[in-house]
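Accompanying notes for the structure given below.
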Amino acid sequence: LISWPVTAITQSMWITGKISVFNPQVMLVSFFGIIIIVIVGELLQRYTHIPFSAISLVVGATLLPQYTIPTFIGSIIGWLLIQRQFGREWWMRYRAIISGGLTVGEGIIVAIAVAFMLISKGTWILPW
């Protein structure tokens with residue numbers, strides 16, 4: 001709900017052409033910058049065993065903070081707390097199932113809530 005003004009502004013900038021995407025200097029600096037960050041991250045992962053993912057970096061850079069911060073917090077909880085509580089093998093085996101179950105459960109709750117809302121609006125006597 002809070003992010004719709006930012007989304008509307010961003011989409012309107014793309015639609016009206018006010019955003020300049022094809023600036024070669026910006027593209028080259030961004031490309032080499034992300035290559036350096038990925039190389040440093042991969043080296044840190046190899047020698048210090050700090051988890052790093054180039055795909056997660058790129059996806060996280062393109063999303064708004066209200067999507068990336070909860071994902072990051074959930075990743076830390078899974079990595080530090082759940083893995084230590086239940087063991088590494090158990091966590092690696094069941095983390096996809098747990099994530100899928102949470103997603104399906106959330107979808108079912110949303111569907112039920114929408115159904116109740118539609119039923120309540122459909123049974124209202126007044127036309128507005």
Point to revise | Accessible area of region 1-65 belonging to carbon and sulfur atoms, whole % at 1.4 Å probe | key: 76 percent
Study note, to complete from the structure: For region 41-96, dividing by residue count, accessible area per residue (probe 1.4 Å) in Å² works out to 84 Å²
Exercise for review: Please compute the net charge surrounding Pro51, taking Lys and Arg as +1 and Asp and Glu as -1 over other residues with Cβ under 14 Å from its Cβ.
Suggested key: +2
Practice item. Determine the calculated [θ] at 222 nm for the chain from helices alone, applying -39500 (n - 2.57) to every DSSP H run no shorter than 4 residues and normalising by the residue count; nearest 500 deg cm²/dmol. Key: -25500 deg cm²/dmol
Check your understanding: Of Leu57, Ser120, Ile108, which is farthest on the positive side of the dipole of the chain, counting Cα position, with +1 on Lys and Arg Cβ, -1 on Asp and Glu Cβ, and the Cα centre as origin?
Key -> Ile108
Exercise for review: On a C-alpha basis, how far is the centre of region 82-128 from the centre of region 28-59 in Å? Whole number, if you could?
Suggested key: 33 Å
**Study point:** ³J(HN,Hα), Karplus 6.51/-1.76/1.60, whole Hz, each residue of region 50-67, x for Gly, Pro
**Key:** 7, x, 8, 9, 5, 5, 5, 4, 5, 5, x, 6, 9, 9, 6, x, 5, 9
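The values are calculated or read from the model by the stated rules, or taken from the named source; none is laboratory data. Note that the structure is predicted; figures quoted are calculated from it, not measured. All Cβ positions, even for glycine, are placed from backbone atoms using ideal geometry, and neighbour counts span all protein chains on display. Side chains included, ligands, DNA and RNA excluded: accessible areas come from the protein's heavy atoms. Shrake-Rupley method; radii C 1.70, N 1.55, O 1.52, S 1.80 Å.
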